[in-house]
1. Return a yes/no flag: does segment B:18-40 have any residue that is surrounded by 14 or more Cβ atoms within 10 Å (Cβ to Cβ) and outside any helix (DSSP H, G or I).
2. Of the residues B:Ala78, B:Ala122, B:Ala154, B:Ala127, which single one is at pLDDT 75 or above, more than 14 Å from every other protein chain (Cβ to nearest Cβ) and surrounded by fewer than 20 Cβ atoms within 10 Å (Cβ to Cβ)?
3. Going by what's in this entry, would B:Gly29 be described as touching a residue at least 12 places away in the same chain (Cβ under 8 Å) and closer than 26 Å to A:Gly148 by Cβ?
4. Please pick out the residue among A:Thr24, A:Thr38 that is surrounded by 16 or more Cβ atoms within 10 Å (Cβ to Cβ) and within 15 Å of the chain's Cα centre (by Cα).
5. Among the helices (runs of 4 or more DSSP H) lying completely within segment A:60-168, list those that include at least 2 residues that are facing chain B (nearest Cβ under 9 Å) and among the charged types (D, E, K, R).
6. So if I check each of B:Ile48, B:Ile86, B:Ile44, which one is more than 8 Å from chain A (Cβ to nearest Cβ), surrounded by 14 or more Cβ atoms within 10 Å (Cβ to Cβ) and touching a Gly at 6+ places or on another chain (Cβ under 7 Å)?
Amino acid sequence: MDLATIGGQLLGTIPLGDIVLYLTPFNLFMFGGTLAFTTLIAISRTETQVEAEFGTLKDKEVKVNLEEFKIRRFLAIVCGLATAGAMITGDLFNFTLFVTLIGIVNIGIVSAVRQVDVLNAAFQYGLIAMMASLPLFGGAAVLLASTGTLSLLEIVKLPYVTSMMTFGSLLLLMGIIGETGVAPFYATKAEMFRTPGSPFILIIHLSSLLVIVRAIEVLLIINKPF
Amino acid sequence: MIVPVQVPELVVSLYPVAIWVGIITGLIGLLGISFQKNDLSVLILTDIVGVAMLIFVAGVATDLAEALILPGLVVELAEIMAISEILLSREIRKNNISGEDLVPTALPLNMEILKTAPTFIAVVLIAYGVFLSGFTGGVIAGGGILFYILSKSARGLPVELFEGLAGASGIAWVFWIVGFLLFFVGPPFWLLGLMLAAFGILIKVASKVGLIGILTREEFKKE
């Protein structure tokens with residue numbers, strides 16, 4: 001198996017010292033898509049939520065003030081760039097770092113809200129993200145110990161798959177699931193979406209979707225099932 | 001074989017032990033979290049899981065593993081700070097209290113040990129840091145300065161020392177860079193270069209950590 005099995009065809013590599021990026025149509029499409037979405041977020045304005053008031057016919061507008069808006073936009077852009085980096089990197093170490101960066105920034109985006117419910121959800125999500133750093137970094141370390149390298153280009157050349165490599169990649173998957181807050185931990189994240197300031201909240205969702213797609217590619221490269 | 005032949009068999013056989021210790025530490029932390037109902041205790045117990053992560057990574061014991069340990073530590077710190085900030089602002093909003101109530105106030109205690117112990121511990125830490133030199137020594141010496149400033153400012157006492165710390169930090173940074181340049185420009189002077197770099201980074205890191213204390217003190221003054 002080589003990189004072209006999943007990614008279509010290998011268009012080339014970008015060697016930056018011992019960190020080598022590789023370009024496939026699969027990678028490039030997700031990279032470009034993330035960058036385009038990040039640009040859209042950077043130039044857009046925040047929404048205003050309208051809440052119906054109980055007992056009267058009046059509506060209440062939930063607005064985001066300018067200072068909070070600026071911080072949130074900045075964090076959303078950082079989150080978008082981290083996602084784009086995780087899409088294109090050819091290095092397990094960088095991939096791990098980008099995923100943890102996404103986790104921290106996601107907490108940061110919702111940390112400034114005033115609703116107690118949302119803060120509660122962000123707290124639970126943050127706890128899960130912190131616990132998930134154990135399997136995430138642990139998985140990367142076990143893979144490093146069992147293959148001797150963290151570069152995906154080197155791992156794909158290895159002719160064998162040991163059980164320790166499978167164990168490490170499963171740990172890595174657990175870490176990514178916890179850090180991005182998908183399926184089993186989704187309940188805490190769904191609450192976070194109710195925050196006012198919509199376009200920036202959406203990056204939380206988009207980053208986790210794209211990172212999971214990329215993580216599946218990484219796992220297939222490590223375990224070589226076909 | 002991935003492990004080079006120079007590494008003794010005993011060291012290699014310790015790796016599975018390290019993995020098991022990491023798993024057991026992580027399980028202890030998670031068990032504690034599942035029993036605990038108090039949010040603050042849960043946050044502190046989460047740090048045990050982070051320590052288990054460090055055991056996992058440190059078990060590999062190569063320079064690449066060190067490259068994973070440093071970001072791991074930073075990520076742990078950043079996340080625990082972010083989450084404690086969330087916890088703080090949630091409690092403030094929930095109970096509708098002002099933020100100042102949560103800041104610790106000066107204790108009206110008048111005991112001899114409160115005056116002497118911080119100075120003694122700070123001197124021991126700084127002396128040990130200078131003896132170690134390099135990055136580790138800088139962190140320990142800086143911890144000593146930080147401890148001194150924090151223990152004084154927590155009791156509301158003025159701290160006049162260390163005013164020129166920012167300048168010293170900049171000059172030490174220059175020493176560090178000159179030390180590195182010497183390695184390439186004048187290889188015969190490698191010992192001088194090494195010493196310049198080691199003590200430059202010592203003063204640099206120590207003063208940086210000390211600066212945190214000064215900043216905290218100024219925050220106290222503002223309020």
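1. yes
2. On the way: B:Ala78 fails: more than 14 Å from every other protein chain (Cβ to nearest Cβ); B:Ala122 fails: surrounded by fewer than 20 Cβ atoms within 10 Å (Cβ to Cβ); B:Ala154 fails: at pLDDT 75 or above.
One residue alone meets the criteria, B:Ala127.
3. On the way: touching a residue at least 12 places away in the same chain (Cβ under 8 Å): yes; closer than 26 Å to A:Gly148 by Cβ: no.
Spelling it out, it is not the case that B:Gly29 is touching a residue at least 12 places away in the same chain (Cβ under 8 Å) and closer than 26 Å to A:Gly148 by Cβ.
4. Values: A:Thr24 fails: within 15 Å of the chain's Cα centre (by Cα).
Going through A:Thr24, A:Thr38 in turn, the sole match is A:Thr38.
5. Working: elements: A:66-88, A:92-111, A:116-147, A:152-155.
The helices (runs of 4 or more DSSP H) meeting that bar number zero.
6. Values: B:Ile86 fails: more than 8 Å from chain A (Cβ to nearest Cβ); B:Ile44 fails: touching a Gly at 6+ places or on another chain (Cβ under 7 Å).
Being more than 8 Å from chain A (Cβ to nearest Cβ), surrounded by 14 or more Cβ atoms within 10 Å (Cβ to Cβ) and touching a Gly at 6+ places or on another chain (Cβ under 7 Å) holds for just one of B:Ile48, B:Ile86, B:Ile44, which is B:Ile48.
The values are calculated or read from the model by the stated rules, or taken from the named source; none is laboratory data. Remember, it's a predicted structure, so these values are computed and weren't measured experimentally. Every residue, glycine as well, gets a Cβ built from its backbone with ideal geometry; the counts of neighbours run over all protein chains shown.
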